[in-house]
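Written out below as structure tokens is the structure these notes cover.
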Amino acid sequence: MADRAEVDIRTAVVDDEVVRVHVAGEVDLLTLPSLAEALAAAGRLSPRLIQVDLSAVDFLSVSGAAELAETAARIPVQVGPASHASRVALAAAGLDHLLA
């Protein structure tokens, strides 16, 4: 039996202008649709800012980093806190400017 990546994503409205998305686990090709939907749902609330907490992320794929970049092209995104793995992935993708 192969190991399956798992991700837990929770979204909370902080105030009228900020939505916080907390991500835990692994963000890879299998779990990317969950992240994409959570970010899209947060965006539909028309916040001024989406805060993404990656402190409990064990692995962030290039695809996951790209999804954050695509969201940031539409709505300001601030990543933080972030795990070491997330920080390394974002820096490698040239997205360390998203880090808080």
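The values are calculated or read from the model by the stated rules, or taken from the named source; none is laboratory data. All of these numbers come straight from a predicted model, not from anything done at the bench. Methodologically, a virtual Cβ is constructed for each residue, glycine included, from the backbone with ideal geometry; neighbour enumeration extends over all protein chains shown.
List the number of the failed condition for A5; all other conditions in (1) surrounded by 14 or more Cβ atoms within 10 Å (Cβ to Cβ); (2) modelled with pLDDT of 95 or more; (3) of a type in the set (A, V, I, L, M) hold.
(2) is the only condition that A5 fails.
Residues of the range 1-47 being assigned to a loop (DSSP other than H, G, I, E, B) and more than 18 Å from L60 (Cβ to Cβ), which ones?
Those that are assigned to a loop (DSSP other than H, G, I, E, B) and more than 18 Å from L60 (Cβ to Cβ): M1, A2, D16, E17, L45, S46, P47.
Yes or no: S55 assigned to a helix (DSSP H, G or I) and either closer than 22 Å to V14 by Cα or not hydrophobic (A, V, I, L, M, F, W, C) (or both)?
Answer is no for this residue.
Quick one: which residue in V18, V27 is surrounded by 14 or more Cβ atoms within 10 Å (Cβ to Cβ) and over 13 Å from the mean Cα position of the chain (by Cα)?
V18
List pairs: first residue in the range 34-47 and closer than 17 Å to D15 by Cα and at pLDDT 95 or above, second residue part of a loop (DSSP other than H, G, I, E, B) and not hydrophobic (A, V, I, L, M, F, W, C) anywhere in the structure, Cβ distance under 7 angstrom, at least six positions apart or on different chains.
Hits for this filter: G43/R74; P47/E17.
Does at least one position in the range 71-94 carry a residue that is at pLDDT 95 or above, buried (at least 19 other Cβ atoms within 10 Å of the Cβ), in a helix (DSSP H, G or I) and aliphatic (A, V, I, L, M)?
Yes; the residues of the range 71-94 include at least one that is at pLDDT 95 or above, buried (at least 19 other Cβ atoms within 10 Å of the Cβ), in a helix (DSSP H, G or I) and aliphatic (A, V, I, L, M).
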